[in-house]
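All remarks here apply to the structure that follows.
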Amino acid sequence: MSAPSPTTPPVVGKPAPPGLAARLALRHRAGGVIVPLLTALIAFLIGGVVVAATGHNPLLAYRDIFNGAGLNWIFHPTTSTVDAAPYNLTQTLLQTTTLILTGLAVAFAFRCGMFNIGGQGQYFVGLYIANWVGHDLAGMETFPHVVLAITAATLGGAVWAGIAGFLKAAVGAHEVISTIMLNWIAIWVGTYLFGDGGLLQNTANPALPISNNVADSAKLPVFWGDKDLQGLHIGFFIALAALVIFWILLNRTTLGYEVRAVGFNPDAAAYGGISVKKNLVRAMAISGAFAGLAGGIDMLGYLYRYGVSDIPVSSVGFLGIAVALLGRNTAVGTLFGALLFGGLLFGTTHGLQSNVIDPQLAGNLTYMIQGLIVLFVGADVIILTIWNSRRKLRRRAGSA
Amino acid sequence: MSRRAGLSRERLLDPRSVGKTGILLGGLACFLTIPPIQARSIVWTVLVGIVAAAFGIWAVTRGQKRVGFGAMASGIIGVGLGILATRSGTSNLNTVFRPDLVASMFVFSTPLIFAGIGGMYSERSGVVNIGLEGMMLLGAFWAVYGADKTGSWIGGVAIAMLAGGLMALIYAFFAIHLRADQIVGGTAVNFLAVGITGYFFFQLYHGDNVPSGISTIPKVNIPYVENWRFLGPAIGHLNLMIWLSFALVAVSYVVIFKTPIGLRIRACGEHPRAADTVGINVYRVRYGSVVLSGLLAALGGAYLSIGFGGGAFTDNMTAGRGFIALAAMIFGNWRPLGTFYAALLFGLSTALAYRLPVYSGTAATLFQVLPYVLTLIAVAGVIGRTVPPAADGKPYVRQ
């Protein structure tokens, strides 16, 4: 890990290898929207090869996943709500809501040149706090209760990530290591909180390692679908608003300017009078705030309670990495990335009704595609090479 | 105190060694109250703890702040745990602190040692490997498949290493040749491994139908020793892989610090340009180190499934052990022996976590989280700062 310790003098006379943000900028210029599309395409192709090699029809499998995600609703939107398609679509959008926010968390830190791999932990902290505030303050009016719980969850995520930002700014501890450790600490904190004798364990049945339900006053209103069947809640609009806030914050404020400057080149930023340390902490805290918000609205929107056994299953924080990388760490890109993975997440598991591929296989196919996307997105060179050779071929074809 | 009498006068008054002795005494303060010594009076633990803290204060006043504060913390924690132990029932103590706790510690530390040492090779050569978890998981699954299909645990281990090595090779290609961001690449490896193992586990075994009684890595029963009172249960029946992990640590120490190969690996991790200048093929050394880390991580995974797991695989069965291994490597300051001690400490922590529910689930959880908290403290530089290789994580471009 490349954390510069305060004692090592900066190497003079040698150009530093391009930083993460600089390389991303390169890719912005070079690829536009094509590179992410190409990346996703290659990942789906390789996934399809695996599916075919194990004796399933990949085209039919992808069609069933598409339908499982409820995206076939687009072709016949007038079907009644009893049908599977609208229900599946609400579930896909529920996942999308979470992934937008965990994606933004990763993206924001990236724009400051940091890799926040701790979205999962920050998400959990938001989840715990929302459950605590949502249950313990029962009897409040709905609006202040919801606002209070969501704010608390957001702040919780911000503090959790802020620890990593502070450690990086204060002693140069690499944020990847500290956020990984904070992830696992958050996981075990949750195991304690909801577990036997934990602070947030339910009061009704002490034998169950599950939390209390949040009070009705803290639940987010559902605007599409059945409230008792995990309908789509207004957190979806909070996530969309977060996308706008993310864009404004980064592109139209001094804070965003400083954060991006530090991301491009910390030395140049410092030379220009920007406090690098302050921005590292700030960017990390804002990044964590997005993830904490995700946990908060998940808890108040449709989970309502959480158990010890739910903790190791959740991977939305990690999926946020793939979402942000695929979305090139921009607001619009993150929206589409979240939509893709939201659809994959639900369409390959609970939504999938297929005689071609089992949900267990398809669910793991999602992980494979996610891994492949992250792998190829990380290797901008390979995608650029393919893209450039394509252009070269076209030029050659044009001149011939 | 008698073990200090034989030391020379300079050594005796060196604040650093005094501080280190203080840390050990803090551990002793706690150790006195548990079986086999099991002093039931708090006098002994408090006395030893005070001495430990005093050593710490002395070291701090002589400028050795980190070691000194460490000794003070060790003394206080030792006394705290010691008092807790004297308060709890003798039978409970005997349940937790049987001699086989030592064996249990080795069981939990072995996968950490394999993956941690593997990670050390990779990072010493300048390639960050947070994909250890994934390579371990691949090893765990393909070991089961291999042992099932070839009918022998040796085949299982071989196929596990093949899978881990192959994934490491792919990762190395992306990290070294394509100069992909290594954290992103490692994350991808972890995702891929979850997907691949989960997919093929269902495809090949329908998620649970691993035939029972597949060949597993044998235990080593040491004649005579296995019947001894303390050492018998502690080291008499350890798995072959546990002994191999000890050997691996010793060999790695020699390789890294005493051989030209180790010097080359370290050179590539500290200053690849200089290494290149003197004719070392940086790419080749890095490829070798990363693939080696994949092989070793897969061995750790194979131990989980066909060693101590008895031939069973479950989805995502590594459950973060790769990350604890990474933590052990960092806590051990990117050194073989340091990694070994850290892995033992973390293994003991996990072993205790599995036994402490006789007292309370909370205490057990506390010991589960201990490795991560300790590593966080270590990277924060509160007690003894960890220093990674200078070029760790930086892609190298040949000129």
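None of the figures in this text is laboratory data; all of them are computed from the coordinates on show. The model shown is predicted, which means the values in this text are computed figures rather than measured ones. Note that each Cβ is placed from the backbone with ideal geometry, even for glycine, and that neighbours are counted across all protein chains shown.
Annotations
- Think of the stretch B:2-96 as having a plus end and a minus end, set by charges on the Cβ of Lys, Arg, Asp and Glu; of B:Ser88, B:Ala59, B:Trp44, B:Ala59 sits farthest toward the positive end of this dipole.
- Here the stretch A:20-393 is assigned +1 on the Cβ of each Lys and Arg and -1 on the Cβ of each Asp and Glu. Its dipole about the Cα centre then comes out at about 1520 debye.
- Net charge of Cβ neighbours under 14 Å - reference B:Ala140; Lys, Arg +1; Asp, Glu -1: -2
- Under 14 Å, Cβ to Cβ, from A:Pro221 - net charge with Lys/Arg +1 and Asp/Glu -1: -2
- Dipole check for the stretch B:100-380: with +1 at the C-beta of Lys and Arg, -1 at the C-beta of Asp and Glu, and the Cα centre as origin, the magnitude is about 640 Debye.
- Highest-MSF residue in chain B out of B:Ile324, B:Ile176, B:Ile83 [GNM, Cα springs under 10 Å]: B:Ile83
- Projecting the Cα atoms of B:Gly269, A:Gln120, A:Phe166 onto the charge dipole of the protein assembly as shown (Cβ charges, centred on the Cα centre) puts B:Gly269 farthest toward the positive pole.
- Counting neighbouring Cβ atoms within 10 Å and putting the fewest first, the residues B:Met241, B:Met317, B:Met161, B:Met136 line up as B:Met317, B:Met161, B:Met241, B:Met136.
- Residue-wise HN-Hα coupling along the stretch A:145-157, computed from phi with Karplus coefficients 6.51, -1.76, 1.60 (Hz; x: Gly, Pro): 5, 4, 4, 4, 5, 5, 4, 4, 5, 4, 5, x, x
- Of the chymotrypsin sites (Phe, Trp or Tyr not before Pro) found in the stretch A:187-271, not one falls in a DSSP loop while having at most 13 other beta-carbon atoms within 10 Å.
- Cβ crowding within 10 Å, taken as a proxy for footprinting-reagent exposure, orders A:Ser309, B:Ser122 from fewest neighbours to most as A:Ser309, B:Ser122.
- Charge dipole (debye, nearest 20) of the protein assembly as shown; +1 at Cβ of Lys and Arg, -1 at Cβ of Asp and Glu: 3000 debye
- Cα gyration tensor shape of the stretch B:74-225, rounded if a/c is under 1.5, else prolate or oblate by comparing a/b with b/c: oblate
- Using θ = phi - 60° and Karplus 6.51 cos²θ - 1.76 cosθ + 1.60, couplings along the stretch A:167-174 (whole Hz; Gly, Pro as x): 4, 5, 5, 7, 10, x, 5, 5
- Tensor-based shape of chain B (alpha-carbon gyration tensor, a/c under 1.5 rounded, otherwise prolate or oblate): oblate
- Hydrodynamic radius by Kirkwood, which averages 1/r over all alpha carbon pairs of the stretch A:171-271, in angstrom: 18.2 Å
- Amide H to amide H distances under 5 Å link A:Gly307 with A:Ser211, where only residues 5 or more positions off or on other chains count and H is placed in the peptide plane.
- The separation of the stretch B:52-119 from the stretch B:362-379, counted between C-alpha centres, amounts to 12 Å.
- Per-selection Kirkwood Rh - the stretch B:256-399 (Cα, Å, 1 d.p.): 17.4 Å
- From largest to smallest, the equivalent ellipsoid semi-axes obtained for the stretch A:20-393 from the alpha-carbon gyration tensor read 31, 30, 18 Å.
- The residues B:Ile265, A:Ile42, B:Ile159, B:Ile154, when put in order of fewest to most other Cβ atoms within 10 Å, stand as B:Ile154, A:Ile42, B:Ile159, B:Ile265.
- Cα shape, the protein assembly as shown, gyration tensor, a/c 1.5 rule: rounded
- Exposed chymotrypsin sites (Phe, Trp or Tyr not before Pro) absent: longest stretch of chain B, with sites in DSSP loops and at most 16 other Cβ within 10 Å deemed exposed: B:1-223
- Under 5 Å from the amide H of A:Phe223 lie the amide H atoms of A:Leu232, A:His233, A:Ile234, each residue being 5 or more positions distant or on a separate chain, with H modelled from the backbone and absent for Pro and chain starts.
- Mean Cα-pair separation over length for chain B, i.e. relative contact order, pairs under 8 Å, 6 or more apart, %: 24 percent
- Normalising the average separation of contacting C-alpha pairs (under 8 angstrom, six or more residues apart) by the number of residues puts the relative contact order of the stretch B:1-133 at 25 percent.
- Across the stretch A:46-58, coupling constants 3J(HN,Hα) worked out from phi with the 6.51/-1.76/1.60 Karplus curve, θ = phi - 60°, read 5, x, x, 4, 4, 4, 5, 5, 9, x, 10, 7, x Hz, and Gly and Pro carry x.
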